[in-house]
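One structure is given here, and the rest of the page talks about it.
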Amino acid sequence: MALDHVNFSVERQEILGVIGPNGAGKTTLFNLISGVFKPNSGKILFDGQNIEGKEPNQIAAFGIARTFQIVRPLRDLSVRKNVLSALGAKFCSKFISSLMSFNKESFIQEARDLLKRVELDGYENELAKNLPLGLLRRLEIARALAISPLLVLLDESFSGLSHQEISSQMDLVKRLRREDKTVILIEHNMEVAMEICDRIVVLEYGKKIAEGLPMEIQNDPLVIKAYLGEEEQIA
């Protein structure tokens, strides 16, 4: 059963990690929070409001943005226009209407500011399809930030990155917290999760098997057995 009685909370400006083996229910969790899937039971509360069952655009309007494990930019548009399309979504009810807002100078400047925040300001006129994976993941974060979210859901935003890119991406996520954002991230790289997360929730076969501080998680016998392996622990 997917996400069977999974229960946890996240505090404002916290970086909460969600880890677990493949098929544990991590992305399903994000799909439920962001409205892609509808829950059969239970509640999803955001800032005191019940949001389960609402449409993705309604949930985004509440202040929840997400990235996806597989990055899918608007490939034939520039980096700047990818961000502009997300900015337009704050003011336009339809996607085509948001595209028609490209020429507003205030939108263009806001897009440039967002690209600078994620260190993509040198790529604003590059076609999205020409960016390497590391920069595409930054572009996706910029698009998420375009809706001015309070909560950002990052689905394996470190996957496929080099050591240097991972270090830079961690700096970016920490900067989001300093900007008063709350982050929930799904991550397979245990070293990243242990270094960047304030707390970690561990899922296995749709159930929560552990929750706690990184040090507690890496020494939890259930986590070692289910995820890290019987003999493996993070130093």
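Things to note:
- Whenever a residue of region 135-155 is within 23 Å of VAL10 (Cα to Cα) and in the same structural domain as GLN13 (by TED's automatic domain parsing), its partners that are assigned to a helix (DSSP H, G or I) and β-branched (Val, Ile, Thr), lying with C-beta atoms within less than 8 angstrom and at least six residues away or across chains, give the pairs ALA142/VAL83; ARG143/VAL83; ALA146/VAL83; VAL152/ILE141; LEU153/ILE33; LEU154/ILE141; LEU154/VAL173; ASP155/THR27.
- Number of the exception - GLY160 against (1) in contact with a Pro (Cβ under 8 Å, 6 or more places away or on another chain); (2) modelled with pLDDT under 95: (1)
- A count restricted to region 112-142 and to residues that are under 18 Å from LYS181 (Cβ atoms) and touching a Lys or Arg at 6+ places or on another chain (Cβ under 6 Å) stands at 2.
- For the criterion of being over 14 Å from the mean Cα position of the chain (by Cα), farther than 22 Å from ARG80 by Cα and acidic (Asp, Glu), GLU216 passes.
- Condition check for SER93: loosely packed, with under 13 Cβ neighbours inside 10 Å, modelled with pLDDT under 95 and not in a helix (DSSP H, G or I): yes
- Residue among ASN82, ASN40, ASN22, ASN57 that is within 27 Å of LEU213 (Cα to Cα) and either touching a Ser or Thr at 6+ places or on another chain (Cβ under 9 Å) or not in a strand (DSSP E or B) (or both): ASN22
- Residue within region 201-220 that is polar (S, T, N, Q), assigned by TED's automatic domain parsing to the domain that holds ILE59, outside any helix (DSSP H, G or I) and without any contact (Cβ under 8 Å) to a residue 24 or more places away in the chain present: yes
- Selection count, region 7-31, where residues are at pLDDT below 95 and of a type in the set (A, V, I, L, M): 2
The values are calculated or read from the model by the stated rules, or taken from the named source; none is laboratory data. What you see is a predicted model; the values in this text were computed from it and never measured. As a convention, Cβ positions derive from the backbone with ideal geometry for all residues, glycine included, and neighbour counts pool all protein chains shown.
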